[in-house]
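Structure first, commentary second.
The values are calculated or read from the model by the stated rules, or taken from the named source; none is laboratory data. Computed from a predicted model, the values in this text were never measured in an experiment. Here the Cβ is made from the backbone with ideal geometry for all residues, glycine too, and neighbour counts use every protein chain on show. Just so you know, the surface numbers come from the protein's heavy atoms only, side chains and all, with ligands and any DNA or RNA stripped out. Shrake-Rupley method; radii C 1.70, N 1.55, O 1.52, S 1.80 Å.
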Amino acid sequence: MIDSTLWVPNGFVSNMYLKDSVLYIMGVFTYWGPNRPYGQLVDTSVGTPDYTKPYPNGSISAVASDSAGGFYIAGHFSLVGDSARQRLAHIDANGTVTAWNPGVNITGIRDMYFDGNILYVGGYFTVIAGQPRNNIAAFDLNGNLLPWDPNSNNIIDRITKKGNKIYVTGYFSFIGGQSRLYIAQLDAATGLATSWNANPDDYVNGGLQAVDDRLYVSGNFTMMGTSPRNGLAVLDTLSGNCLPFQTETPCFDLIVTGDTLFICGIFDSINGVARSGLAALDKTTGTLLPWNPILNDAPLRLYVSGNTLYTGGEFDTVNTASRPHVCSFNLGTGQLNNWNPACGAAVTDFCPAGGSLYLAGGFPNINCIRRKTLAGFDLRTNTFTPLEFPYEYIGGLVNEMVVTDHRIYLGGSFTTVGNQSRNGLLALDSTGQLLPWNPNPIGYGIHCIVPDDSVLYVGGWFQSIGGQPRYNIACIDTVTGAALPWSPFANAPVHCMTKADSLMYIGGEFSFINAQSCSRLAAIRLDSGI
């Protein structure tokens, strides 16, 4: 059986090597944590996960509270816990996947809105609950599909409701029986489009919120009707006309609370004033407010509960503090909270669930620790060692990793580590620091490594190594990096090798070793190289 308690990375693993009780792991990852992918319930004080709730087998694109302590989830999954659910599911307050199982075809749901009686869903689909519906549909409290059918001719991105009107945005040009570009106001009873017509010149695919008689929208547009608006607009919910608002900044999401409009996205300034993807504006005038948190990458989604603003996204530091992909702020003081669920990838949606908060997105793990590129996991204690890889990048592929008592050797097709030259072969000390040892193979890289006391056998595709001509296989001094006299000649790349007693067995693309015919597999004497 699979060990479900073993922590998992937020990227792929390319190499592993077991030395004593430590499993050394290398790959393209930055965080390791418990395997709780895509959706997780956490407390609102410190962010501790509740591992008892079921999770889906694919990413979550949208969530909505059911107003009774449970929640709806939508995304790219076919299972939630042990229950088969095709892209749409309901989990009740007890953490049970309910019997509701409508199923969605094609890509699925991008947004959901629950008004206490009806669940509205929008996205990209043509069939839901076994019935034809183009990209938007509605369910009653019993989970029955309603006849309400605006019939959008393209993707629905966001849905919200105010009074008896439903507002939708997306990529459509026809909805509710009328031509409407990218945004529409629908009658909640009939699903027909009203006469309200904002008429933007490009997609409205960002935030959407109705507050009083104002509708806040964001997207790719530069015009809203006849009014120039660069990605952010405030519309009159009665006329559809643009209201005066001085800040125009394209953003991924927005949310209004009190007198403040919060926006997030990819921007580094607003009206010439520095802001790193997150900003606060006066909700009426658009005046930029002083609040200025510093995020190292883009926030994607916003959510407000009580006196707390939550945001999730691609960032992993906020105001230099570690906050992997999700964080919260005190709305009274603007200060970053200690709350830190530490997700392994972006959080893209939130919803309340009882007294907790449900986080959703594409993350594979939660409650993570940072380990970038290289990690050591002690199998006796089930903990990670302090081993770190302190370099920003390796300039190419790593094909092989071996570990000795005091060193970690990497072989591959790389040419640099950080800003230091290492051509296909390098050594790290036990803490992950690069050592000056540098045999410098010339060719196309190292494919395999076998350590043996004070020497290192290597195979690959090269013409010289350790300052000497050597063809595709060599023996290297582990102290000096010089090539030793042992010198079999392989006429093509060596891909794998293993030592047994006095012989080295090799495999590869070669047809000759030392001018003797050997087709792809050979045994070589360690004393003579014959």
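Structure notes:
- Taking VAL347, VAL46 and ordering them by how much accessible surface each has at a 1.4 Å probe, largest first, produces VAL46, VAL347.
- Each Cα pair under 8 Å and six or more residues apart adds its separation to the average, and for the chain the resulting relative contact order is 10 percent.
- FRET efficiency, THR381 to CYS496 (Cβ-Cβ, R0 35 Å, nearest 0.05): 0.60
- Three semi-axes of the equivalent ellipsoid, segment 387-463, Cα gyration tensor, whole Å, largest first: 17, 16, 10
- Among the protein heavy atoms, those of PHE384 account for about 30 Å² of accessible surface (1.4 Å probe, every chain in place).
- In the full protein context, the chain carries 41 Å² of accessible surface per residue, based on a 1.4 Å probe and ignoring ligands, DNA and RNA.
- Over segment 247-287 - Rg/Rh using Cα atoms and the Kirkwood inverse-distance radius: 0.92
- Note that segment 199-350 shows a convex hull volume over its alpha carbon atoms of 101 Å³ per residue.
- log10 of Debye I(q)/I(0), alpha-carbon scatterers only, for segment 104-251 at 0.14, 0.15, 0.18, 0.21 Å⁻¹: -0.60, -0.68, -0.97, -1.29
- Taking the convex hull of Cα positions in segment 287-387, its mean projected area over all directions (nm²): 8.3
- Within segment 292-382, trypsin sites (Lys or Arg not before Pro) in DSSP loop having at most 11 other beta-carbon neighbours inside 10 Å: ARG380
- Mean shadow area of segment 178-230, taken as a quarter of the surface of its Cα convex hull (nm²): 4.0
- Whole-angstrom gap from segment 319-363 to segment 147-171, using each part's C-alpha centre: 28
- Rg to Rh quotient for segment 29-166, alpha carbon positions, Kirkwood Rh: 0.98
- Over segment 361-502, the hull volume per residue, using the convex hull of the C-alpha atoms, is 141 Å³.
- Square roots of five times the Cα gyration tensor eigenvalues for segment 244-318, Å: 18, 15, 10
- In a reduced charge model with +1 at each Lys and Arg Cβ and -1 at each Asp and Glu Cβ, segment 276-373 shows a dipole moment near 220 debye about its Cα centre.
- When the residues LEU79, LEU521, LEU357 are ordered by accessible surface, computed with a 1.4 Å probe over the protein chains alone, the sequence from largest down reads LEU521, LEU79, LEU357.
- When the inverse distances between all different Cα atoms of segment 442-520 are averaged and flipped, the Kirkwood radius reads 12.3 angstrom.
- Distance from segment 380-422 to segment 6-51 (C-alpha centre basis), Å: 19
- The figure for HIS76 is an accessible area of roughly 100 square angstrom, using a 1.4 Å probe on the protein chains alone.
- Of the solvent-accessible surface of segment 232-389, computed with a 1.4 Å probe and all protein chains present, 50% belongs to carbon and sulfur.
- Ranked by the mean number of other Cβ atoms within 10 Å of their residues, highest first, the peptides 304-312, 85-93 come out as 85-93, 304-312.
- Of all accessible heavy-atom area on segment 456-521, the percent that carbon and sulfur account for (1.4 Å): 56
- Cα radius of gyration and Dmax for the chain (Å): 29.0, 90
- Test item: Cα-centred dipole of the chain, Lys/Arg +1 and Asp/Glu -1 on Cβ, debye: 400
- Taking all protein chains together, SER430, SER413 sort by accessible area into SER430, SER413, largest first [probe 1.4 Å].
- Within the chain, antiparallel bridges make up roughly 100 percent of the DSSP beta bridges whose residues both belong there.
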